[in-house]
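Below is one structure, written out as structure tokens; comments come after it.
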Amino acid sequence: MVFNELTRETNILYAGSESKLPIEHPETPPIYHSTANIIQDMDDYDFASTGGKYYYCRTANPNRDGVADAVSYLEKGEQSLVCASGMAAISTAVLSLVKAGDHILANRSLYGETIELFDNILKKLNVEVTYSDFTDMNSVRAALQPNTAIVYTEIIANPLIEVVDIDALSELAHANGALVLVDSTFTTPLAIRPLEHGADLVIHSLTKYFGGHSDITAGSITGSKKLMKKIYFDYLLLGGCLDPNSSWLMLRSIRTMELRVMKQFENAKKIAEALQDDPHVRYVNYPTLANHPQRELAAKLLPNGCGAMLSFRVEDDRAKVNAFMHKLNLVKYLGTLGGYRTSIAHPATAFRNEFTPEQLKAMGMEEGLIRISAGAEAIDDLIADFKQALTVFKKA
Ligand SMILES: *Cc1c(COP(=O)(O)O)cnc(C)c1O
């Protein structure tokens, strides 16, 4: 659209903007990059009404809403908010639901930055956070306080792959008047839908299995309309919304999530079994193995697969662990998880600035502990790669 009577200086702001849409029935949705939509009438300004819904990108965007609807569908939740990262989702959810003087009870084993958020930021706001062992409901019962507003957990805890009885936890928390917030990043809705087990909110780092290709940073919060309404206005103010381009990529990734993730679950189980039989491996942590302390609970809670995360312990020799990492051909050392290719991480290195060697040992993160995020490769290729690299631990 150009105006004959106007200058080039003005017309270049309009040329080519004439909407070519709608192009009927595109196979994939377009990307709505626009940060604002033209308001047709002053009565449309109310952004909460459906008519004026898309007026500003931070408030609402069609691509982001597409991701939100897909996450709500998978989690069987009423509503979702999609955030710029998993940490944006966690901080938005928690900050919008607590006030000074409240207490949060959290599992002692959580994603590292979640603990830092609790200890560094919430503390400054006079929100008390204490930790207890969520594999033991007596420990949870003893740690609940009259002012506990939130009980916060992951279902499979890193890096020892402990399983939390979410049904029992929700019952205890609700009897105490607390909300249950679950970070289900490791489990995904393909393994368990926490809202059906009493959780009030389920949170994801979509960066991991939903994205699945190690190329999008995103997060989500899902819950009832009533609870999400409380979070929505703080979400707008905190500003951690996902951009349209990443939202479009995320929805594309979600289309193939089940194909990838179910294979990754299956591969994790098979890698666990193969490592357990290797003479250089001291033990393997995976919930389907006979040695796992919550094996029965896992079978009940996670009948479709116990996730794609596992860990195993070799000799506590840092140089040999490093040599093992170098000797792997397919498997790479990554500071993330959930991608379509198998990766490893070394918890004792990841946390060496936060904890002393003694503390790390007490938490089960010895030098010989290696974490695996199983990918979607052919299982025989993966097992062969691990087996050949494990020979670095051969005694001379
Ligand atoms: C990665 C991760 C997060 C943080 O997500 P980001 O997208 O990196 O902000 C939170 N919880 C768990 C369990 C994670 O693995």
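Place a +1 charge on the Cβ of each Lys and Arg in segment 257-393 and a -1 charge on the Cβ of each Asp and Glu, then give the dipole magnitude about the Cα centre in debye, rounded to the nearest 20. Show your work: numbers first, answer last.
Details: 17 positive and 17 negative charges, 40 e Å.
Dipole size: approximately 200 debye.
Just the number, please: carbon plus sulfur as a percent of the accessible area of the chain, 1.4 Å probe, no ligands or DNA/RNA counted.
On the way: 10390 of 19410 Å².
Carbon with sulfur: 54 percent of the solvent-accessible area.
Under the 0.36 nm per residue contour assumption, what length would be gained going from the current alpha-carbon distance of Ser224 and Asp316 to full extension?
On the way: separation 92, 0.36 × 92 = 33.12 nm, distance 4.65 nm.
Working it through step by step, the gained length comes to 28.5 nm.
Can you pull the accessible area of Lys361 for me, 1.4 Å probe, Å² to the nearest 10?
140
Report the number of Lys pairs in segment 61-254 whose alpha-carbons are under 26 Å apart, with separation of 8 or more residues or on distinct chains.
So the count works out to 16.
Using a probe radius of 1.4 Å on heavy atoms only, what accessible surface per residue do you get for the chain? Whole Å² is fine.
Working: 19410 Å² over 396 residues.
Result: 49 Å² of accessible area for each residue.
What is the pair-distance distribution P(r) of segment 215-280, computed from all Cα-Cα distances in 5 Å bins starting at 0, with each bin given as a whole percent?
3, 13, 14, 13, 15, 12, 10, 8, 6, 4, 2, 0
For the chain, take the convex hull of the Cα atoms, compute a quarter of its surface area, and give me that in nm², please. Working shown, then result.
Details: hull surface 96.6 nm².
Dividing the Cα hull surface by four gives the mean projection, 24.1 nm².
Which residues' amide hydrogens lie under 5 Å from the amide hydrogen of Leu179, considering only partners 5 or more residues apart or on another chain, with H built in the peptide plane?
Ile150, Val151
What distance in nm separates the two pseudo spin-label positions at Ile379 and Lys332, each 7 Å out from Cα along the beta-carbon direction?
2.5
Could you name the aspartates and glutamates in cross-link range of Lys263, using Cα to Cα under 12 Å and dropping any fewer than eight places away on the same chain?
Glu377
Heavy atoms only, 1.4 Å probe, whole protein assembly: order Thr256, Thr114, Thr217 by accessible area, highest first. Could the numbers behind the result be given before it?
On the way: Thr256 55, Thr114 0, Thr217 80 Å².
Final ranking, largest accessible area leading: Thr217, Thr256, Thr114.
How large is the accessible surface of Asp41 in square angstrom, using a 1.4 angstrom probe and rounding to the nearest 10?
Answer for Asp41: close to 80 Å² accessible.
Taking the mean number of other Cβ atoms within 10 Å as a proxy for protection, how do you rank 157-167, 103-113 from highest to lowest? Could the numbers behind the result be given before it?
Working: 157-167: 22.0, 103-113: 19.8.
So the peptides 157-167, 103-113, ranked by packing, come out 157-167, 103-113.
Any chance you could run the full-extension gain for Thr349 through Thr256? It's 0.36 nm times the residue separation minus the Cα-Cα distance, nm to one decimal.
Gain on stretching Thr349 to Thr256: 30.2 nm.
With +1 assigned to the C-beta of every Lys and Arg and -1 to the C-beta of every Asp and Glu, and no other charges, what is the dipole magnitude of the chain about the Cα centre in debye, to the nearest 20? Can you show the working numbers first?
Numbers: 38 positive and 48 negative charges, 166 e Å.
Dipole about the Cα centre, nearest 20: 800 debye.
At a probe radius of 1.4 Å, what is the per-residue accessible area of Phe210, in Å² to the nearest 10?
Accessible area of Phe210: about 0 Å².
Ordering Tyr232, Tyr286 from largest to smallest accessible area (1.4 angstrom probe), what's the sequence? Kindly include the intermediate steps, with their values, before the conclusion.
Values: Tyr232 55, Tyr286 0 Å².
If we order Tyr232, Tyr286 from most to least accessible, we get Tyr232, Tyr286.
222 nm [θ] for the chain, helices only, -39500 (n - 2.57) per DSSP H run of 4+, per residue, to 500? Show your work: numbers first, answer last.
On the way: 15 runs with 141 residues, N = 396.
Value at 222 nm, helices only, nearest 500: -10000 deg cm²/dmol.
Just to check I understand the Karplus step: with θ = phi - 60° and J = 6.51 cos²θ - 1.76 cosθ + 1.60, what whole-Hz values come out for segment 279-295, glycine and proline as x?
x, 8, 9, 6, 7, 10, 9, 7, x, 8, 7, 4, 7, 6, x, 10, 4
If I require 24 Å or longer along the helix axis, counting alpha carbons, and a Kyte-Doolittle average no lower than -1.0, what helices from the chain are left? Use full DSSP H segments.
Details: long enough: 257-276 (28 Å, -0.44).
Qualifying helices, which must be both long enough and hydrophobic enough, are 257-276.
Take the alpha carbon atoms of segment 343-363, find their center, do the same for segment 301-338, and report the distance between the two centers in whole angstrom.
14
Could you tell me the relative contact order of the chain? Use alpha-carbon pairs under 8 Å, at least six residues apart, and round to a whole percent. Don't jump to the answer; show the numbers that get you there.
Working: 729 pairs, mean separation 60.8, N = 396.
That works out to 15 percent.
Stick to the Cα atoms of segment 257-393, pair each with every other, and give me the Kirkwood hydrodynamic radius in Å at one decimal.
Working: mean 1/r = 0.0657 Å⁻¹.
Answer for segment 257-393: a Kirkwood hydrodynamic radius of 15.2 Å.
The values are calculated or read from the model by the stated rules, or taken from the named source; none is laboratory data. Remember, predicted model here, so these are calculated numbers, not experimental data. Reconstructed Cβ throughout: ideal geometry from the backbone, glycine too, with neighbour counts over all protein chains shown. For the accessible areas, the whole protein counts, side chains as well, though only heavy atoms, and no ligand, DNA or RNA atoms are used. Shrake-Rupley method; radii C 1.70, N 1.55, O 1.52, S 1.80 Å.
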